[in-house]
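Here is the structure we will look at.
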Amino acid sequence: REGRSRAQIMKVCIHRGSQEIGGTCIEVEAAGKRLVLDVGLPLDAEDTEALLPLVRGFREPDDTLLAVAISHPHQDHYGLAHHLRPELPILIGEAAHHILQAASAFTPSGATFAHTTYLNDRKPISLGPFEITPYLVDHSAYDAYAFLVAADGKRHFYSGDVRGHGRKARAFETLLKHPPADVDALLMEGTTIGREDPREGFQTEQELEVAFVAQFKSTQGLCLVWSSSQNIDRMVTVFRACKRAGRQLIIDLYTAELLRATGNPNVPQGTWEGVRVYVPEAQRQQVKRQAMFELIERYRQQRIFPERLTEVASHAVMLFRPSMSTELERADCLRGASLIYSLWEGYLAQERLEPFHAWLARHQIPLIPIHTSGHASVADLKRLADAIQPKHLVPIHSEEPGRYAEFFERVEIKYDGEWWDV
């Protein structure tokens with residue numbers, strides 16, 4: 001095989017993500033055919049078609065581009081996919097696709113795809129010269145995968161976004177116990193490198209549950225929780241904490257539909273006992289504009305209206321977002337309330353949240369951070385690299401690619417737009 005031409009060698013180009021967190025897009029070429037892994041919207045960027053990488057076949061028909069594989073339903077990994085030509089095949093988890101479909105009814109951040117092949121844990125998919133094997137991973141997004149891509153005798157493993165301390169930690173431990181073999185290049189995320197002390201790990205979802213229970217019990221009035229509705233692990237954590245604290249959980253219509261879209265009977269549902277569904281003003285208007293009245297009817301028995309919030313406040317937990325501030329103020333349900341912030345703390349420093357902080361101060365609502373990262377600690381990243389033992393380790397999805405060599409062996413830094421041989 002030493003005499004093979006460069007056209008026969010699997011090559012990779014990171015179009016975006018080699019030096020930043022989010023916006024990931026990776027092109028793989030072998031035997032004249034191509035595959036793309038993720039097509040994400042950069043963090044804090046305005047969604048525009050101009051951000052779509054200049055990949056042949058994204059905008060115009062090109063038979064050499066076989067498919068786009070989406071690792072998980074977070075915007076920084078799929079957010080530009082709606083700019084792709086509609087007939088382009090998409091590989092994605094079934095539940096992930098259903099979640100995006102449910103979200104698309106409420107927000108432009110959702111997405112639907114006409115030509116899908118659904119991923120299954122460790123079930124290879126043959127596509128031209130490629131064999132793509134998805135590995136279910138633990139992440140704050142539901143139905144998330146890493147990818148092993150094999151072609152022309154070469155194998156590279158793309159971690160996607162991964163962690164080892166969520167409610168699917170068993171998937172991470174399984175990956176460590178049964179890693180892909182003979183990996184030539186490991187493209188590994190490093191979101192937390194430079195953000196946290198590498199000697200420390202993160203709290204588990206089970207540990208967060210204990211903290212939620214304590215706060216729910218110590219709050220006299222309504223307990224508000226600001227978290228991502230798409231963080232299904234966190235929704236499970238909050239529901240379990242409500243049960244333990246003797247409080248009912250109030251979710252909005254959007255969240256109820258995302259939970260339903262998982263298709264998982266073990267995930268809390270808007271129709272369960274102990275769960276009520278509130279329809280904020282913005283969602284009511286959305287339902288009217290799109291005539292989605294069947295969604296309201298689906299939760300008719302569980303629906304709770306603003307005038308009931310004061311009555312139930314002392315024994316309820318309500319999922320919250322700042323857009324609900326004015327209507328909760330009108331409902332007069334905020335005496336003795338607290339707010340648990342369960343997102344990345346960096347968002348709190350953004351200028352756009354100054355009115356939110358003023359609103360908290362005006363109503364004397366304390367803000368209590370209870371959160372854990374959706375990404376692996378440095379210690380767990382080291383465990384992953386040690387288990388896979390790649391010939392080369394390539395940084396991706398990190399603001400600190402230059403620090404990888406402090407923690408990992410055989411690091412090779414690549415740059416956006418650079419083609420390299422696997």
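The values are calculated or read from the model by the stated rules, or taken from the named source; none is laboratory data. None of these values were measured; they are calculated from a predicted model. Positions of Cβ are backbone-derived with ideal geometry, glycine not excepted, and every protein chain shown enters the neighbour counts. The protein model used for the area step is the full one, side chains on, heavy atoms only, and it has no ligands, DNA or RNA in it. Shrake-Rupley method; radii C 1.70, N 1.55, O 1.52, S 1.80 Å.
Taking 324, 235, 188 as the candidate residues, the one with maximal mean-square fluctuation in a Gaussian network model of the chain, Cα springs under 10 Å, is 324. Were the residues from residue 43 through residue 87 laid out at 0.36 nm apart, the gain over their Cα-Cα distance would be 13.2 nm.
Between residue 407 and residue 352, the FRET efficiency estimated from the beta carbon spacing at R0 = 25 angstrom works out to 0.15.
In terms of solvent-accessible area of protein heavy atoms at a 1.4 angstrom probe, what is the ranking of 410, 303, highest value first? Don't skip to the answer; put the middle values down first.
Values: 410 100, 303 55 Å².
Descending accessible area places them as 410, 303.
Relative to the dominant Cα principal axis of the chain, helix 205-218 is inclined by about 10°.
Fully extended, how many nm does the chain gain between residue 173 and residue 50 (0.36 nm per residue separation, minus their Cα-Cα distance)?
Numbers: separation 123, 0.36 × 123 = 44.28 nm, distance 3.97 nm.
So the chain would gain 40.3 nm between residue 173 and residue 50.
Relative to the current alpha-carbon distance between residue 288 and residue 382, full extension at 0.36 nm per residue lengthens the span by 28.8 nm. Within the listed set 282, 211, 102, the Gaussian network model of the chain (springs between alpha-carbon atoms below 10 Å) gives the highest mean-square fluctuation for 282. As a length-normalised measure over Cα pairs under 8 Å and 6 or more apart, the relative contact order of the stretch 211-358 settles at 39 percent.
Beta-bridge orientation, the chain: approximately 45 percent antiparallel, per DSSP, counting only bridges with both partners inside.
When only Cα pairs below 8 angstrom with a gap of at least 6 residues are kept, the chain shows a relative contact order of 20 percent. Within the stretch 339-408, the GluC sites (Glu not before Pro) that combine a DSSP coil assignment with at most 16 other C-beta atoms in a 10 angstrom radius are 399. Which of the three applies to the chain, rounded, prolate or oblate, going by the alpha-carbon gyration tensor with a ≥ b ≥ c and a/c under 1.5 meaning rounded? Prolate, since a/c reaches 1.5 and a/b exceeds b/c.
Around the amide H of residue 230, modelled in the peptide plane, lies no amide H under 5 Å away from a residue 5 or more places distant or on another chain.
How high is the relative contact order of the stretch 1-94, in percent, with contacts defined as C-alpha pairs under 8 Å that are six or more residues apart? Please list the in-between numbers first.
Working: 180 pairs, mean separation 23.7, N = 94.
This gives 25 percent for the stretch 1-94.
Which residues' amide hydrogens lie under 5 Å from the amide hydrogen of residue 116, considering only partners 5 or more residues apart or on another chain, with H built in the peptide plane? Residues meeting the criterion, in which the H sits 1.01 Å from N, are 90.
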